[in-house]
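Derivation of every value follows stated rules applied to the coordinates shown; laboratory data play no part. These numbers come from a predicted model, not from an experiment. Backbone-built Cβ (ideal geometry, glycine too); neighbour counts: all protein chains shown.
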Amino acid sequence: MKIDRDRIQAHRGASGLFPENTLLAFRAAQKAGVASIETDLSLLADGALAIFHDAALGRTVAGSTAISELKTDEMARLDAGSWRGAAHAGAPVPLMRDILDWQETTDLAFNWEMKIHGDEQERAAAALAGHLTGRDLTRSLVSSFDAGFLNEIMSIFPALPRALICDELPADWERIGRDLDLTAFHLHHVVVTGALVQAVHDAGYMVRVYTVNEQADMTRMIETGVDVIITDYPERWL
Ligand code: G3P
Ligand code: MG
């Protein structure tokens, strides 16, 4: 099955075959031919943003420290590749600023998913605004499960397109969409139907779905008319 590159977004990079949220995974996604990459941001103790999914070390990186307690120089020493095999050993946890520089050498768009691990909504919004000021916003959007964070970033950096992530569409989604002046809803694919996509489109929002890795799910999502499909395996569809 071959799908238009604009509809395929690599989840944490090409994370099915490469260590998630590393430059290795981002380069592999680029090579696969995607138009865009979804990646996770976590706020560090010193106000930098790291490309990291979890609240603490342990799953992809050895250790158990909370991400909010780490500083940039400590992050730079960590190995986010070994857990996916010796061939990837030493792959660093990237900083957002380095990936922004790399993005400028490509034609890729980024879906920056802000992870809120505690009560850092305000500080995370300030950090994101700081990182994106002066950058080309036509190839960036911010998404989050955390509506409070989206409200903060809307207040201080309204030009950045915003999307709410939800496992399923909340009953009051139209109010939320208006209040947060969203451009899109990012939904878990299992809850998405053609009728739901039609309703969200009619209200003026895009629909992106995560995380679609199986052929049957991909076929169903294409049929519903969703705009973008987020997948761990971009190379399967392009
Ligand atoms: O952005 C969509 C998706 O990535 C949200 O869930 O846990 O994979 O970050 P998660
Ligand atoms: Mg994510």
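General observations
- Meets criteria (assigned to a helix (DSSP H, G or I), aliphatic (A, V, I, L, M) and within 15 Å of ligand 2 (Cβ to nearest atom)) for I99: yes
- All conditions but one from (1) out of contact with any Cys (no Cβ under 8 Å at 6 or more places or on another chain); (2) within 16 Å of ligand 2 (Cβ to nearest atom) apply to L180; the one that does not is (2).
- Subset of region 173-218 [of a type in the set (S, T, Y) and touching a residue at least 40 places away in the same chain (Cβ under 8 Å)]: T183, Y210, T211
- W83 vs. criteria touching a Ser or Thr at 6+ places or on another chain (Cβ under 8 Å), in a helix (DSSP H, G or I) and of a type in the set (F, W, Y): yes
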